[in-house]
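Note sheet for the following structure.
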Amino acid sequence: MTRRSRLLTTATAGVTAALLLAGCGGGGGGKSDSNDKIAGSDTGASKSASPSASASASEASGRPEITLPSDLTYTFGWAKTGDEKKDAVLGDTEQFIKAVDMAIAKQAPLDKAYRFYSEGLAAAGSQKFIQEFVSYKDRITGAKRYFDAKVQINSDGTAGLVYCEDQTKAYNKSLKTGKTEVTKASKDDYVLYNTLLQLNKQGVWITEKLTSQRGSSVCQP
């Protein structure tokens, strides 16, 4: 069984986010392949380079508790920007990523936690992504790293976020056999994400649209 990538690409993340992507520099101007998959998120203990953003995210009332397997870790290599809104976007994106992974670990395609942090196309894409793991009776193990985040707050109240993911040390683990499918690292383990978020009435930045480009030169080491 070949290694399956993460979340299926949904729809375009909007004109503003696309412009933000163009400003990242370094060649990732090619179209995102509709067959690419998004590494939406994975379950596990978190190792974050922006603890303040994560802390502020967890302090808000009404947020679901996210419990992650101990054999999956994260590194969020994006520092605080000093801008309250931008840091909130980063913090809520971290929670969304973890919430999707928790749903995978629970084998729950309709888990309320990731739906708390997403809606529309992003929520639908996440459900499809989670269902793929459920169908194969797999979850994700290992370590995932997120880096090079760029946030833009738009005049219409939305936010664009572009960031990279390193999946070189993240693997599929069978829930039936307990075995981990260790694969050789490749350029396709680096994924560029382009997201559009909206602030809801509860003060949470909800991911509405999400696209990915697997093997993007922008994210290559």
Among the candidates Ser126, Ser118, Ser186, Ser155, residue that is at pLDDT below 95, among the hydroxyl-bearing types (Ser, Thr, Tyr) and under 23 Å from Arg63 (Cβ atoms): Ser126
Single residue of the stretch 126-146 satisfying the filter (open to solvent by 10 Å² or more (accessible area, probe 1.4 Å), of a type in the set (Gly, Ala, Ser) and touching a residue at least 40 places away in the same chain (Cβ under 8 Å)) that is nearest to Leu210 (Cα to Cα): Ala143
Total residues in the stretch 147-175, condition in a strand (DSSP E or B), open to solvent by 30 Å² or more (accessible area, probe 1.4 Å) and free of Cβ contacts under 8 Å to residues at least 24 places away in the same chain: 0
Top-ranked residue in the stretch 76-93 [being more than 12 Å from the chain's Cα centre (by Cα) and not charged (D, E, K, R); ranked as surrounded by the fewest Cβ atoms within 10 Å (Cβ to Cβ)]: Gly82
Some residue of the stretch 200-208 being assigned to a helix (DSSP H, G or I) and of a type in the set (D, E, K, R): no
Meets criteria (assigned to a helix (DSSP H, G or I) and touching a helix residue (DSSP H, G or I) at 6+ places or on another chain (Cβ under 6 Å)) for Ser135: no
The stretch 176-200, residues that are touching a residue at least 40 places away in the same chain (Cβ under 8 Å), farther than 23 Å from Ala88 by Cβ and open to solvent by 60 Å² or more (accessible area, probe 1.4 Å): Asp188
Odd one out for Ala108, checked against (1) assigned to a loop (DSSP other than H, G, I, E, B); (2) open to solvent by 60 Å² or more (accessible area, probe 1.4 Å): (2)
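The values are calculated or read from the model by the stated rules, or taken from the named source; none is laboratory data. Remember, it's a predicted structure, so these values are computed and weren't measured experimentally. Virtual Cβ from ideal backbone geometry, glycine too; neighbours counted across all protein chains shown. SASA here: full protein model, heavy atoms, side chains in, ligands and nucleic acids out. Shrake-Rupley method; radii C 1.70, N 1.55, O 1.52, S 1.80 Å.
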